[in-house]
1. Could you pull out every residue, at least 5 positions away or on a different chain, whose amide H is within less than 5 Å of the one on residue 235? Hs are placed 1.01 Å off N in the peptide plane, and Pro or chain starts have none.
2. Toward the positive end of the charge dipole of the chain, about the Cα centre and with charges on Cβ (Lys, Arg +1; Asp, Glu -1), which of 136, 288, 547 goes farthest?
3. Please compute the net charge surrounding residue 350, taking Lys and Arg as +1 and Asp and Glu as -1 over other residues with Cβ under 15 Å from its Cβ.
4. Please work out the Cα center distance from segment 371-419 to segment 462-490, rounded to the nearest Å.
5. Taking θ as phi - 60°, what are the ³J(HN,Hα) couplings along segment 625-637 by the Karplus curve (6.51, -1.76, 1.60), each to the nearest whole Hz, with x for Gly and Pro?
6. Using a 7 Å offset from the Cα along the Cα-to-Cβ direction at both residue 625 and residue 585, what is the distance between the two label points in nm, to one decimal?
7. Take the alpha-carbon centre of segment 579-637, take the same for segment 173-218, and report the distance between them in whole Å.
8. So what J values fall out for segment 496-513 if you push phi through Karplus, 6.51 cos²θ - 1.76 cosθ + 1.60 with θ = phi - 60°, rounded to Hz, Gly and Pro as x?
Amino acid sequence: MKKLFLVALFSLLLLKIEAAVIYSQPASGGSTGYLSARFGVGGSAYDEYVWDSFTVPTNTTLREIQWRGTRSGVAPADFQISINTIAIPGGTGWSTGGIANETPTGTPGVYDYRFTLPVGFLLTGGQTYWLQVFATQNGMPDWRLSGAVGGNNSHYAQVPAITGDYRFIVTGGDVAFTLLNAATVPVTITLNRSPAAGGTVTGGGTFSPGDSVSVTAAPASGRTFLNWTEAGLVVSASSNFTFAADGNKTLTANFSGPNTGPYVINAVPNPGVYGTVGGAGTFNAGEVVDLDVTAADGLSFVGWTENEELVTLPIAGGGIFQVTASSDRNLIANFAYPAYTSFINGVVSPTSTGTIVISNTAGLSGGSYYGGTLITLTATPYPGYHFVNWKQGLGLGDLSGAPHIVSTNPVLKHMVCYGTSLTANFQPDYPVLTLGVAPAASGTVNGAGTYANGSTVSINATPSVGYAFASWKSGTTVVSTSPSETFTLTNHTTLTANFVAKNNTITATAAPVAGGSITGGGVVGNGATITLTAIPAWGYAFNNWTLGGTPAGTNNPVTFDAFGDYAFVANFTVAPSPVSPPRLEMLLTDTNAVIITWPADAVGFVLQENPDFTTTNWSDASTTVSLIGTNNQAVITSVNGSEFFRLIKP
């Protein structure tokens, strides 16, 4: 039996209204892409399909999908779109019913597409989803999803197999798509009543994107208006409800009183690739619903479950089961290889926080079971911990797909259909928040400690001088770029405040400007050693350094390490007028004596002599100095070789 699967890649298009982008992998340009098309409804051996994953940070409603593709052959007759939590066919799907507003981009063979969902699709924050889009072409399939940037540079694909029908591969490259929280085309607001006899509703119709829509519900006699719901969720408790036309909506006005339906009968296969279930829908009270169950080749239907319990439905024959609509139902049709066993792996997370027991067998947290076996897993926390939830799945290779919550009851009943992992998640009653700094001494942090589980905690990081805050990290993952954060603490958590050294600017100016100049300074790395030198101008003398008006020392030059931006001022003062040195005169007599004279008012000056004019051999002259008139006089009567004299004021 040939099974056809596909996945879609989408691109960011120009919006006609201010619809916010939920998630986007913009097209990388050009005409490259990945084949995701089939030949007619029946398919062919040349068909290929693509899935790409995405995650949104918070719960949000998807209203419109846009994507980009390329083709050289015939235009698509239709597109099939689906969103699933695993990279296999199934999940929630839509048919565009046509060419999906194919619009040329200006590059030959490259087109933009758009589809507004008939009803909003709620995306759960943190959940990994797989988007699938494929074209149906009435010719050789050649339609491709365009390449993109912004994802994890990989996608999942179904391609023809060497033997058999097909095989699945993980290959490189992202595909181009954009998810929006509002429609960019006219939308339809459909109004229903529950029960139909409960009252009247007005205000539905077709509206332009962003229009204000007002709907009104009026209860019938003896009844009371309760609320408006969309897809089972209450959206307003007012009978007069006004909202923006952000997408196609089906709103139900709910009234009190005898309930005659309709009831929603959901029935889905587990897993989706093992079989199909038809006949689910919305029915009036008392209607008998036929559910058509078909197992894939080699597999068997092994039973119905609802809310983790086995349920028995009447059999009409030929794979048809019947259920009478008397309440909303959420039924799961389970398929398996009943003659083979599958391994169920029980995992405790984090390790050493609790235990798992399967079917009340002490010490057993995993085992092999035949398909169709209903097993019970019991999670028990260690002292100091409490149970949170069960998650199923480990990603690719596990038909359950990415880990997702399946129960918040510590006692889990699980129908064995295939090998899978079931993880019991525990949390500490008093989690410890540990905060660190990197690199050492680059800053300080506060907020660490032990808290009651669920406490709202605040943390703050303050950089040291010469550093700037960069991010908070959990391991190698950046969790915030804000130095102050507030969050709910449920697990032992270690966060590191990361700081980076910043360049520092060192400046120095002269005061007064004419007093001199300064060398050194500039833009330097954090902690660099800097030397500033103040050079007085003629007639000035260096006095001191100031920083921000505060004295900063008298050393000149001054050397320091730059751990911040500094603006120094070199202060100069006017130097006192220099004293003119006295005139020293020498006279050689006929007797070869030397008479040395200088003004007597040169107070404090001393006559010195030196035999070789070096700086180290000067000594006070031994000759007697006499006062002759207005001059001091010294007579040197005998000179052996060369002799030098000077006046100096000590």
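1. 228, 229, 230
2. In the chain, that residue is 288.
3. Details: positive: 391; negative: 429.
So the surrounding residues net to 0.
4. Cα centroid of segment 371-419 versus Cα centroid of segment 462-490: 34 Å apart.
5. 9, 10, 9, 10, x, 9, 10, 8, 9, 10, 10, 9, 8
6. With each label point 7 Å from Cα toward Cβ, the separation is 1.7 nm.
7. That distance is 115 Å.
8. Going residue by residue, I get 10, 7, 9, 10, 10, 5, 10, 5, 10, 9, 10, 10, 8, 10, 8, 9, x, 4 Hz, with x marking Gly and Pro.
We did not get these values from a lab; they are worked out from the coordinates using the rules stated. Since we're looking at a predicted model, the values are computed, not measured. Counting neighbours? That spans all protein chains shown, and the Cβs are built from the backbone with ideal geometry, glycine included.
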